[in-house]
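Chemist: I have a structure I would like to understand better, so I am pasting it below and will then ask my questions one at a time.
The values are calculated or read from the model by the stated rules, or taken from the named source; none is laboratory data. Because the structure is a prediction, the values reported are computed rather than measured. Here the Cβ positions follow ideal geometry from the backbone for every residue, glycine too, while neighbour counts run over all protein chains shown.
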Amino acid sequence: MGKDARDSWGSPAEFMLACVSYAVGLGNVWRFPYLCQMHGGGGFLIPYLLMLLLEGVPLFYMELAIGQKMRLGSIGAWTAISPYLSGVGLASVVTSLYLCLYYNIINAWSFWYLFNSFQSVLPWAVCPVNSNRTGPLEECERATPTQYFFYRETLDISPSIEENGGIHTGQALCLVLAWILTFLFIVRGVKSTGKVVYFTATFPYLVLFIYLVRGFTLHGAINGVKYMFTPKMEELANPVTWINAATQIFFSLGLGFGSLIAFASYNQYHNNFQRQAIAVSFINSGTSIFAAIVTFAIYGFKATVNYENCLGRTRVLLLNTFNLAEDSVSLDNILEVMDQLNTTYPQQFAELSGRLENCSLESELDTAVEGAGLAFIVYSEAITNMPLSQFWSVLYFFMLLLLGMGSMLGNITAIITPLRDFKITSGISDEVFNGGVCLFCLLLGLGFTTPSGNYWFTMFNDYGATFSLLFIVLIEVITVSYIYGIKRFEKDIEDMLGHRPNWYWKIMWVVVSPLLLIGLFVFYIITYIQGGTPTYQAWDKDVGKSVQTEYPVFGQVFIGLLLVSSVSCIPLAALYAFCRKRKHGVVQKESVSTVAA
Amino acid sequence: MLERVFLLLCFLPVLAAETCKPNTPNGHKVRLSIKTALGAEAYDWNENERFLFQSTMAYAMRNLKGENFTVSNIVVCDETPRVSFWFVVTSPNDPSKVVSKGEVEEAVRKSRNRINQAFMLSDSTLEFIGILPTLAAPVEPPTPTWLIVFGVVMGMVLAGIVILLALSFVQKKRKKNKKADVEEEEDDEGTQVQTAENGATRVDYYNNSFADDERFTHM
């Protein structure tokens with residue numbers, strides 16, 4: 001009967017677009033440019049591309065192979081490989097659940113900014129006026145208008161994780177919308193997802209291209225691109241560069257969540273996933289580099305604008321203090337004029353030096369930001385300086401939304417597919433089940449819309465997935481190479497594709513990738529231990545800056561819980577399988593003895 | 001008599017000059033940034049512009065106090081190329097008396113808009129040092145703009161879901177009716193349709209994996 005046959009993609013193109021949409025996400029836009037800047041600009045491409053070949057493509061290929069062969073979600077697939085390893089699938093589902101809970105908050109923020117872009121003056125361009133109407137609000141003056149809009153009007157952030165308050169209505173509404181939209185995309189399983197990904201995978205490239213053209217025509221953009229891409233080869237000697245390249249490839253491709261296994265499980269048995277795996281991995285890295293160029297152009301523009309504003313403020317200060325005519329000092333001759341004044345009025349100039357800012361284009365370009373801060377603060381600031389800023393704002397946040405939604409599709413499919421494989425859920429219809437999962441995640445996710453919600457978000461972001469994923473994928477690759485056996489795996493692939501994987505793949509799976517992953521894993525453990533008490537950035541409204549604060553005890557306990565809950569699934573499930581097997585084994589032995597007797 | 005008037009007239013500017021000097025307690029500093037505000041259309045600061053300033057300030061004082069302030073009651077001094085200067089306001093009844101700082105401030109605040117417009121400048125380009133401008137009250141629309149856009153998008157998404165669910169419901173009903181017709185025909189044959197699939201769909205893992213083991217036996 002058609003009812004029990006597994007769902008499948010409308011065409012192999014849909015599968016590939018789904019993988020692209022999932023892999024190309026916010027990390028390509030806000031993490032890779034930062035790493036590029038931190039680790040020597042153009043030189044970073046060398047470790048990055050090397051890690052892509054050593055670790056990225058082989059592991060991606062492996063996960064697709066498992067999914068397509070087993071035709072089950074992560075739990076079912078790993079149980080089929082070895083009953084002791086059902087915990088690997090379970091750990092993937094738990095990690096995906098954590099990710100789903102907090103990832104849609106970012107989409108809620110994108111919605112919020114998108115909706116607020118439909119105003120004549122962008123609300124993050126100017127500070128709101130204080131109650132006496134004598135000047136801007138103090139918190140906004142000490143920080144910048146974009147920071148104020150993000151921390152106060154979007155998040156209404158509390159001074160620390162310990163203080164809390166009620167739910168921010170605007171945020172909550174946007175989160176509800178984000179989840180309803182997610183539900184719309186997955187309501188009929190891969191049939192609906194397959195259609196959506198045509199748009200979510202391709203439209204961001206259009207926007208990035210438009211931004212590339214806009215970016216390069218902006219004043220000062222070339223400064224940014226030149227500065228960031230100038231390779232600083234000495235960074236290659238720093239081991240942290242290589243580790244960051246490896247982790248970036250690893251997380252950017254979305255390995256270990258079970259999404260790739262889930263997506264591949266809906267493929268036709270003989271689908272040529274080898275070509276697709278290579279294509280998607282390279283598209284993902286290519287997109288990162290493309291996004292980095294755009295980001296650096298925007299950075300260059302922003303840095304130049306800030307530098308010129310700084311010079312402008314200095315000019316006004318000089319004009320007012322020395323009562324010079326307005327056209328005597330311009331931005332071009334300001335430095336000479338300063339020298340002149342220093343010699344003619346040394347005493348007055350010395351009094352002034354306390355208020356004189358040090359304007360430097362280099363230091364503006366050096367300020368590197370990553371994460372939500374880059375996307376929602378730095379970028380929005382740059383947009384306010386562009387002509388026709390409402391249009392650019394709408395376009396930009398729409399792109400962020402598509403990138404985030406595309407990744408969400410993979411995340412939520414990683415939870416739904418394995419759970420749907422169980423017999424007990426077969427009675428519930430697709431729509432009700434999917435709706436139930438979305439509702440569950442929405443209700444828990446509302447906690448992130450409270451004043452301290454952003455701190456919990458950071459906690460989940462930093463600890464919820466990183467460590468457990470490394471462990472999961474390490475177990476995965478060791479299982480496939482040694483427990484399941486590389487020969488058996490080879491034969492499965494030959495069964496599906498018609499030819500065996502060549503020596504490159506086998507060496508990567510058996511030797512290189514496991515060693516790399518073990519290295520990363522050890523490095524992470526050492527960093528955790530050496531790092532001491534985990535800290536977070538708390539927004540101090542009196543100073544108008546983020547300050548590093550230690551997590552309180554309950555925060556540290558929760559971090560521990562996050563780490564342990566997903567990782568411990570593997571040994572616990574193995575133990576469970578062991579006990580079950582023993583029980584079955586005992587029963588069999590008894591039946592044999594009675595027969596013999 | 002004539003001499004006395006002449007002496008007084010000569011004395012007056014001296015008196016006024018003494019009361020107006022930089023940092024005088026009842027004086028105010030004014031700074032104009034004409035070139036910043038008007039760029040190519042900037043006018044030069046000359047005697048006539050100064051006269052305009054004196055007359056607008058006299059107007060502002062009249063507006064506040066109702067006394068007959070004239071141009072000579074506004075004393076300007078210490079002009080700089082920046083275009084900044086100090087001024088004091090003397091009382092029309094007694095030219096040696098200087099109007100207090102507070103009153104001048106009040107007058108400026110009251111007529112700030114008119115003073116700005118006389119010079120085609122704004123609060124930031126025509127500065128009275130020490131007198132903070134009252135910023136315009138923020139315009140709050142009755143419904144925040146974002147809520148309107150949110151409503152539109154939410155409506156579209158909900159409509160999409162309803163349509164999709166209705167479509168799938170209708171499709172399922174059609175399939176059920178078709179199946180009912182097909183089953184009536186096949187009942188006599190009593191055939192069991194077996195699904196041949198690659199791999200398992202909904203299974204009990206632990207038992208099935210033992211079965212699967214046989215599939216992967218070594219050659």
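Chemist: List the helices (runs of 4 or more DSSP H) that sit entirely inside the range A:1-111 and contain at least 1 residues that are touching a residue at least 24 places away in the same chain (Cβ under 8 Å), farther than 21 Å from A:Tyr463 by Cα and hydroxyl-bearing (Ser, Thr, Tyr).
Modeler: A:12-23, A:45-51, A:57-70, A:74-81
Chemist: Pairs, please: C-beta under 9 Å, at least 6 apart or cross-chain, first residue within 11 Å of chain A (Cβ to nearest Cβ) and in the range B:161-184, second in a helix (DSSP H, G or I) and among the aromatic types (Phe, Trp, Tyr)?
Modeler: The qualifying pairs are B:Ile161/A:Phe183.
Chemist: Taking the stated definitions as given, is B:Val71 of a type in the set (A, V, I, L, M, F, W, C), away from chain A (no Cβ under 14 Å) and in contact (Cβ under 8 Å) with a residue 24 or more places away in the chain?
Modeler: Working: of a type in the set (A, V, I, L, M, F, W, C): yes; away from chain A (no Cβ under 14 Å): yes; in contact (Cβ under 8 Å) with a residue 24 or more places away in the chain: no.
The answer is no for B:Val71.
Chemist: For B:Cys20, work out the one condition from (1) modelled with pLDDT of 85 or more; (2) closer than 24 Å to B:Thr125 by Cβ; (3) more than 36 Å from the chain's Cα centre (by Cα) it doesn't fulfil.
Modeler: If we test B:Cys20 against (1) modelled with pLDDT of 85 or more; (2) closer than 24 Å to B:Thr125 by Cβ; (3) more than 36 Å from the chain's Cα centre (by Cα), just (1) comes out false.
Chemist: In this structure, is A:Ala5 within 14 Å of chain B (Cβ to nearest Cβ) and not acidic (Asp, Glu)? Give the steps one after another, and end with the answer.
Modeler: On the way: within 14 Å of chain B (Cβ to nearest Cβ): yes; not acidic (Asp, Glu): yes.
Criteria met by A:Ala5.
Chemist: Going through A:Ser96, A:Ser110 one at a time, which residue ends up being under 30 Å from A:Ser568 (Cβ atoms), under 23 Å from the mean Cα position of the chain (by Cα) and among the polar types (S, T, N, Q)? First the steps, then the outcome.
Modeler: Working: A:Ser110 fails: under 30 Å from A:Ser568 (Cβ atoms).
Of the residues listed, the single one that is under 30 Å from A:Ser568 (Cβ atoms), under 23 Å from the mean Cα position of the chain (by Cα) and among the polar types (S, T, N, Q) is A:Ser96.
Chemist: Can you give me the number of residues within the range A:103-161 that are of a type in the set (Phe, Trp, Tyr) and surrounded by fewer than 16 Cβ atoms within 10 Å (Cβ to Cβ)?
Modeler: Taking the range A:103-161 first, the residues of a type in the set (Phe, Trp, Tyr) are A:103, A:109, A:111-113, A:115, A:118, A:124, A:148-151.
This time we only want the ones that are surrounded by fewer than 16 Cβ atoms within 10 Å (Cβ to Cβ), so: A:118.
Of the residues in the range A:103-161, 1 are of a type in the set (Phe, Trp, Tyr) and surrounded by fewer than 16 Cβ atoms within 10 Å (Cβ to Cβ).
Chemist: From the list A:Val197, A:Val176, which residue is away from every other protein chain (no Cβ under 14 Å), assigned to a helix (DSSP H, G or I) and either in contact with a Leu (Cβ under 9 Å, 6 or more places away or on another chain) or among the β-branched types (Val, Ile, Thr) (or both)? Reasoning before the result, please.
Modeler: Numbers: A:Val176 fails: away from every other protein chain (no Cβ under 14 Å).
Going through A:Val197, A:Val176 in turn, the sole match is A:Val197.
Chemist: Going by the structure shown, is A:Thr169 among the β-branched types (Val, Ile, Thr), farther than 21 Å from A:Asp462 by Cβ and either within 11 Å of chain B (Cβ to nearest Cβ) or without any contact (Cβ under 8 Å) to a residue 24 or more places away in the chain (or both)?
Modeler: Working: among the β-branched types (Val, Ile, Thr): yes; farther than 21 Å from A:Asp462 by Cβ: yes; either within 11 Å of chain B (Cβ to nearest Cβ) or without any contact (Cβ under 8 Å) to a residue 24 or more places away in the chain (or both): yes.
In short, yes.
Chemist: So, of the residues in the range A:357-369 that are at pLDDT below 80 and surrounded by 14 or more Cβ atoms within 10 Å (Cβ to Cβ), which turns out to be nearest to A:Ile106 (Cα to Cα)?
Modeler: Selected residue: A:Val369.
Chemist: Quick check on my filter: what residues within the range B:134-160 are of a type outside the set (A, V, I, L, M, F, W, C), out of contact with any strand residue (DSSP E or B) (no Cβ under 7 Å at 6 or more places or on another chain), within 8 Å of chain A (Cβ to nearest Cβ) and part of a loop (DSSP other than H, G, I, E, B)?
Modeler: Answer for the range B:134-160, where residues must be of a type outside the set (A, V, I, L, M, F, W, C), out of contact with any strand residue (DSSP E or B) (no Cβ under 7 Å at 6 or more places or on another chain), within 8 Å of chain A (Cβ to nearest Cβ) and part of a loop (DSSP other than H, G, I, E, B): just B:Thr134.
Chemist: List the residue pairs whose Cβ atoms are under 9 Å apart, where the first residue sits in the range B:35-48 and is touching a residue at least 24 places away in the same chain (Cβ under 8 Å) and within 11 Å of chain A (Cβ to nearest Cβ), the second is small (Gly, Ala, Ser) and not in a helix (DSSP H, G or I), and the two are 6 or more positions apart or on different chains.
Modeler: Note: pairs meeting the criteria are B:Thr36/B:Ala42; B:Thr36/B:Ser124; B:Ala37/B:Ser122; B:Ala37/B:Ser124.
Chemist: Here is a list of conditions, (1) out of contact with any Pro (no Cβ under 8 Å at 6 or more places or on another chain); (2) among the acidic types (Asp, Glu); (3) within 14 Å of chain B (Cβ to nearest Cβ); (4) surrounded by 15 or more Cβ atoms within 10 Å (Cβ to Cβ), and A:Glu490 meets all of them except one; can you say which number that is?
Modeler: Just one mismatch for A:Glu490, condition (1).
Chemist: Same structure, new question: Tell me, which residue of the range A:200-209 that is of a type outside the set (Val, Ile, Thr) and either touching a residue at least 60 places away in the same chain (Cβ under 8 Å) or within 18 Å of A:Asn107 (Cα to Cα) (or both) is nearest to the other protein chains (Cβ to nearest Cβ)?
Modeler: A:Phe203
Chemist: Among (1) within 14 Å of chain A (Cβ to nearest Cβ); (2) surrounded by 17 or more Cβ atoms within 10 Å (Cβ to Cβ), where does B:Val108 come up short?
Modeler: Condition (1) is where B:Val108 drops out.
Chemist: Let me ask something else. For A:Gln119, only one of the following conditions fails: (1) within 11 Å of another protein chain (Cβ to nearest Cβ); (2) not in a loop (DSSP other than H, G, I, E, B). What is its number?
Modeler: The failed condition is (2).
Chemist: Tell me, which residue of the range A:375-427 that is under 30 Å from A:Ile75 (Cα atoms) and among the charged types (D, E, K, R) is surrounded by the most Cβ atoms within 10 Å (Cβ to Cβ)?
Modeler: The qualifying residue surrounded by the most Cβ atoms within 10 Å (Cβ to Cβ) is A:Asp421.
Chemist: Can you name the condition, by its number, that A:Tyr98 falls short on among (1) surrounded by fewer than 24 Cβ atoms within 10 Å (Cβ to Cβ); (2) at the interface with chain B (Cβ under 10 Å from one of its Cβ atoms)?
Modeler: Answer for A:Tyr98: the failing condition is (2).
Chemist: I'd like to check something: does the range A:554-567 contain any residue that is under 30 Å from A:Glu63 (Cβ atoms), of a type outside the set (Asp, Glu) and within 14 Å of chain B (Cβ to nearest Cβ)?
Modeler: no
Chemist: Would you be able to tell me the number of residues in the range A:302-356 that are surrounded by 14 or more Cβ atoms within 10 Å (Cβ to Cβ) and acidic (Asp, Glu)?
Modeler: Total meeting the criteria: 2.
Chemist: Looking only at residues in the range A:126-152 that are part of a helix (DSSP H, G or I) and in contact with a helix residue (DSSP H, G or I) (Cβ under 7 Å, 6 or more places away or on another chain), which one is farthest from the other protein chains (Cβ to nearest Cβ)? Even if it seems obvious, please write down each step before you answer.
Modeler: Applying the first criterion (part of a helix (DSSP H, G or I)) to the range A:126-152 yields A:138-142, A:145-152.
Adding the requirement that they be in contact with a helix residue (DSSP H, G or I) (Cβ under 7 Å, 6 or more places away or on another chain) leaves A:139-140, A:146-148, A:150, A:152.
On the way: A:Glu139: 16, A:Cys140: 13, A:Thr146: 17, A:Gln147: 19, A:Tyr148: 14, A:Phe150: 15, A:Arg152: 15 Å.
Filtering first and then ranking leaves A:Gln147.
Chemist: Next question, about the same structure. Where the second residue is among the basic types (Lys, Arg) and modelled with pLDDT under 90 and the first is on the phi < 0 side of the Ramachandran plot and lies in the range A:537-557, which pairs have Cβ atoms under 7 Å and are six or more apart or on separate chains?
Modeler: These pairs meet every condition: A:Val543/A:Arg142.
Chemist: Let me ask another. Can you report the number of residues in the range A:63-78 which are under 15 Å from A:Ile478 (Cα atoms) and at the interface with chain B (Cβ under 8 Å from one of its Cβ atoms)?
Modeler: Of the residues in the range A:63-78, 0 are under 15 Å from A:Ile478 (Cα atoms) and at the interface with chain B (Cβ under 8 Å from one of its Cβ atoms).
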